[in-house]
Amino acid sequence: MIPVMSKSFPTQLRERLAARRRSGRPRYEQLRESLHELIREGVAGPGGALPAERELARMTGWSRVTVRKALAGLVEQGVVNSKPGAGTFVGERIVRSFSRLTSFTDDLRARGLDPRVVFLERGVGEATPDEAMALAVSPGSGVVRLHRLRSAGESPLAVERTVVPQSILPSADVVAVSLYETLEALGVPPHRALQRLRAVAVDAATAELLELPTGSPGLQIERRAFLADGRPVEFTRSVYRADAYDFVAELTRG
Ligand code: 16G
């Protein structure tokens, strides 16, 4: 059964729109942003249906063309899915861009989900030859290692092993939840990254953490991120649940 939209939805939507009335932005954008805000705040949870186009037009007093454009924007952002003939639903699978440098925390918050972390390991050590290669540091130099289970609320979604040069991140303890937020606060935000994805069958240890049967499909993603000055800032190997994520990229020809 489709979860029912909360009764306060129309009132909340009108409040959000009123707050944007003077922004001078096109109406469809005011509506897209207001709907996104409500989804982020959990007013419309995963799998929940948004009111139909005609309903939204009635609630806002705006045309269906405007409403359609706002909804199309949310579909493009991967926040909602539109099922022809059935309506528009808040995404159950998490849609991630394969071409934008976002963090786990960013992606969950954008969907009104609660990013959580369990540190399986964190500390400082000496770079192994492989880590030294990945981070372009001398073997034996200091690195911070994080091994984290990433969840949305109680639902486990990914396991990540990250190494960061200690010259950039002085200690593992400064990372509370989000690595990228910490790096940003330290004035060393990742600027660009190279990423590789491959399908894997999850091993027993990972399966247990992700609450899956051993051998279930997983998406193994390696990311090497760099600072604006070109220094490598992160090497992370993540295993994401394949049943929870869609990775999308925009392709252009030429
Ligand atoms: C994502 C990145 C990972 C990065 C993490 C930071 C992929 C495949 N991986 O999980 O490389 O370290 O975000 O997230 O997207 P955080 O700021 O929430 O710790």
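Numerical summary
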quantity	calculated
Options V95, G112, L38, ranked by Cα towards positive dipole end of the chain, top entry (Cβ charges)	L38
Compactness of the stretch 12-143 as Cα Rg over 2.2 N^0.38 Å, two decimals	1.47
5 angstrom amide H check on L50, placed H, neighbours 5+ away	T88, F89, V90
Distant-in-sequence amide H partners of S103 (H built 1.01 Å from N, under 5 Å)	none
Rounded to the nearest 10 Å², the accessible area of D114 at probe 1.4 Å	70 Å²
Residue-level accessible surface for R100, protein heavy atoms, 1.4 Å, Å²	150 Å²
Stretch gain in nm, segment S216-S171, where the contour uses 0.36 nm per residue and the Cα spacing is subtracted	12.8 nm
Integer Hz, Karplus 6.51/-1.76/1.60 couplings in order for the stretch 16-27, x for Gly and Pro	5, 5, 4, 5, 9, 3, 8, 6, x, 8, x, 4
Stretchable slack from L194 to R21, in nm (0.36 nm times residue separation minus alpha-carbon distance)	58.2 nm
Nitroxide proxy distance, nm - points 7 Å out along Cα→Cβ at K83 and A185	4.1 nm
10 Å-binned pair-distance histogram of the stretch 42-86 (Cα, whole percent)	26, 58, 16
Karplus-derived 3J(HN,Hα), 6.51/-1.76/1.60, for each residue of the stretch 31-38, Hz, glycine and proline x	6, 4, 5, 5, 5, 4, 4, 5
Size of electric dipole in the chain: Cβ of Lys, Arg +1 and of Asp, Glu -1, about Cα centre, debye, nearest 20	1380 debye
Accessible surface, per residue, of the stretch 102-175 when the full set of protein chains is kept, probe 1.4 Å, Å²	43 Å²
Residues A72 and V118, FRET efficiency given R0 of 30 Å [Cβ-Cβ distance, rounded to 0.05]	0.20
Probe 1.4 Å - accessible area at F235, Å² to nearest ten	40 Å²
Amide H contacts of R96 (H built 1.01 Å from N, under 5 Å, at least 5 apart or other chain)	D246, F247, V248
Local electrostatic count at P46 - Lys and Arg +1, Asp and Glu -1, tallied over other residues with Cβ under 10 Å	+1
Phi to ³J(HN,Hα) by Karplus 6.51 cos²θ - 1.76 cosθ + 1.60 over the stretch 79-87, Hz, x for Gly, Pro	7, 10, 10, 10, 10, x, x, 10, x
Debye equation applied to the C-alpha atoms of the stretch 119-254, log10 I(q)/I(0) at 0.19 Å⁻¹	-1.16
Whole-percent pair-distance distribution, where bins are 5 Å wide, for the alpha carbons of the chain	1, 6, 12, 15, 15, 14, 12, 9, 8, 5, 2, 1, 0
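The values are calculated or read from the model by the stated rules, or taken from the named source; none is laboratory data. Note that the structure is a prediction, hence the values are computed from the model and not measured. Reconstructed Cβ throughout: ideal geometry from the backbone, glycine too, with neighbour counts over all protein chains shown. Calculation scope for accessible area: heavy atoms of the full protein, side chains included, ligands and nucleic acids excluded. Shrake-Rupley method; radii C 1.70, N 1.55, O 1.52, S 1.80 Å.
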